[in-house]
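J.: Take this structure first; my questions come after.
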Amino acid sequence: MRYFAELAYNGARYHGWQKQPHKISVQEQLEAAFSTILGTEIEVVGCGRTDTGVHARQYFMHFDFDGQFPQAFNRRINKFLPPDIAIYRIFEVAPEAHARFGAAHRAYEYHIGFVKNPFGQETSYFYPFAQLPDPAKMQEAASLLLGYREFFPFCKTNTDVKTMRCDLRRAEWEGSPREGKMVFHIASDRFLRGMVRLIVGMCLHVGTGKTKIEEVRHALDRQERLKKSWSIPPQGLFLTEVSYARY
């Protein structure tokens, strides 16, 4: 039987979702907990590979299990998992359902604080520079992206993807430096490696005049890298929505 699990996690102390040698990951924690409570080795497949320090408010994974779930399994698994990972629900799906390849829509948020908050360091990027960005220019840069379908300028190097094509559906800023906070909203069918953090860095550079909007347009037209790329720190990034057309 194949099951989907909906969950959330604070990624501050993890080296991303994906299991890797000698580093703590979200996937590793979940597989250990499920395997222990279900009494058999469980492998989980996630809907995406979030980077080190990135969070997920909504995340889906799938796993195969042919036995019976223990009574009050959700409460037991949440008690066993660390406090920064929470399982919301588990439900049966078709045998061919796939958490990663079946996802048709993903949305992210990136949070920037302009007032230093000692209690928000894990979940928001504190902008420490004296020159504040112009939110109108940042939105102009974000809106420009919606006219394109390929995003090579916003993909980290050493990626193994076969296409740079993404169906971008939203790219919008809210808030302002004067209000003390800005949040970037972006949605697409898929994202390239490091794409959101590179886009946020580009918008901030446009907002402070370090990059001109014409340079961004030129890079997108020619599908080449910007002269000044900035992959902004991970702690402000949240995966916020994942949806499936078939399941």
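J.: Working from Cα positions, state the angle (0 to 90°, nearest 10) between the long axis of helix 26-38 and the longest principal axis of the chain.
T.: Once rounded, the angle reads 10 degrees.
J.: Among all the aspartates and glutamates, which ones have a C-alpha under 15 Å from Lys23's C-alpha, if same-chain residues fewer than 8 places away are not counted?
T.: Leaving aside aspartates and glutamates fewer than 8 places away in the same chain, those within reach of Lys23 are Glu31, Asp51.
J.: Just need the relative contact order of the chain here, percent rounded to a whole number, with Cα pairs under 8 Å and 6+ apart. Spell out each step's value before the answer.
T.: Values: 514 pairs, mean separation 61.2, N = 247.
Once divided by the residue count of the chain, the mean separation gives 25 percent.
J.: Next up: Relative to the first principal axis of the alpha-carbon coordinates of the chain, what is the inclination of helix 135-145, with its axis defined by its Cα atoms, in degrees from 0 to 90 and to the nearest 10?
T.: Helix 135-145 sits roughly 70 degrees off the main axis of the chain.
J.: Enter the mean projected area of the convex hull around the alpha-carbon atoms of region 2-93, in nm², rounded to one decimal.
T.: Details: hull surface 21.8 nm².
The directionally averaged projection comes out at 5.4 nm².
J.: Mind checking region 170-247 for trypsin sites (Lys or Arg not before Pro) that DSSP puts in a loop (not H, G, I, E or B) and that have at most 11 other Cβ atoms within 10 Å?
T.: Details: sites: Arg170, Arg178, Lys181, Arg190, Arg193, Arg197, Lys210, Lys212, Arg217, Arg222, Arg225, Lys227, Lys228, Arg246; in loops: Arg190, Arg193, Lys210, Lys212, Arg225, Lys227, Lys228, Arg246.
Loop-located and lightly packed - Lys227, Lys228, Arg246.
J.: Could you grab the relative contact order for region 104-244? Cα pairs under 8 Å, six or more apart, rounded to a whole percent. Working shown, then result.
T.: Working: 269 pairs, mean separation 56.1, N = 141.
About 40 percent, as a whole number.
J.: If you find the alpha carbon centre of region 1-69 and of region 96-137, how far apart are they in angstrom?
T.: 22
J.: Have a look at Gly207, Leu81, Thr240 and report the one farthest towards the positive end of the charge dipole of the chain, computed about the Cα centre with Cβ charges (Lys/Arg +1, Asp/Glu -1).
T.: Result: Gly207, furthest along the dipole toward the positive end.
J.: Now for a different question. Considering the chain as a Gaussian network with a 10 Å cut-off on Cα pairs, which listed residue, Gln121, Gln131, Gln223, attains the greatest mean-square fluctuation?
T.: Gln131
J.: Next up: If we restrict to alpha carbons, what Rg and Dmax does the chain come to, in Å?
T.: For the chain, the Cα radius of gyration and maximum Cα-Cα distance read 19.4, 60 Å.
J.: Any chance you could give the angle, 0 to 90 degrees and rounded to 10, that helix 195-207 forms with the longest Cα principal axis of the chain?
T.: 20
J.: Okay, next question. Looking at region 23-62, which GluC sites (Glu not before Pro) are in a loop (DSSP not H, G, I, E or B) and have at most 15 other Cβ atoms within 10 Å?
T.: Numbers: sites: Glu28, Glu31, Glu41, Glu43; in loops: Glu41, Glu43.
Those that pass, being in a loop and sparsely packed, are Glu41, Glu43.
J.: Mind running the shape call on region 104-244? Use the C-alpha gyration tensor, a ≥ b ≥ c as the square roots of the eigenvalues: rounded below 1.5 for a/c, prolate if a/b tops b/c, oblate otherwise.
T.: Numbers: a/c = 1.74, a/b = 1.28, b/c = 1.36.
Here region 104-244 falls in the oblate category.
J.: Sticking with this one: I need to check one value: relative contact order of region 2-93, counting alpha carbon pairs closer than 8 Å and at least 6 residues apart, in percent.
T.: Numbers: 173 pairs, mean separation 40.9, N = 92.
That works out to 44 percent.
J.: Next question. Taking only Cα atoms and a 10 Å spring cutoff, compute GNM fluctuations for the chain and point out the largest among Ala33, Ala136, Ala72.
T.: Ala72
J.: Which chymotrypsin sites (Phe, Trp or Tyr not before Pro) does region 120-166 hold that lie in a coil by DSSP with at most 13 other beta carbons within 10 Å? If you can, show how the numbers build up before the last one.
T.: On the way: sites: Tyr125, Phe126, Phe129, Tyr148, Phe151, Phe154; in loops: Phe129, Tyr148, Phe151.
Of the chymotrypsin sites (Phe, Trp or Tyr not before Pro), the ones in loops of region 120-166 whose Cβ has at most 13 other Cβ atoms within 10 Å are Phe129.
J.: Using the structure shown, select from Lys162/Lys210; Lys137/Lys228; Lys137/Lys162; Lys19/Lys116; Lys116/Lys210 the pairs with a Cα to Cα distance greater than 28 angstrom.
T.: Working: Lys162/Lys210 31 Å; Lys137/Lys228 17 Å; Lys137/Lys162 32 Å; Lys19/Lys116 33 Å; Lys116/Lys210 23 Å.
Check vs 28 Å cut-off fails for Lys162/Lys210; Lys137/Lys162; Lys19/Lys116.
The numbers here are math on the coordinates, done by the rules we state, and not lab data. Bear in mind the structure is a predicted one, so any value in this text is a computation, not a measurement. Note: ideal-geometry Cβ built from the backbone for every residue, glycine included; neighbour counts use all protein chains shown.
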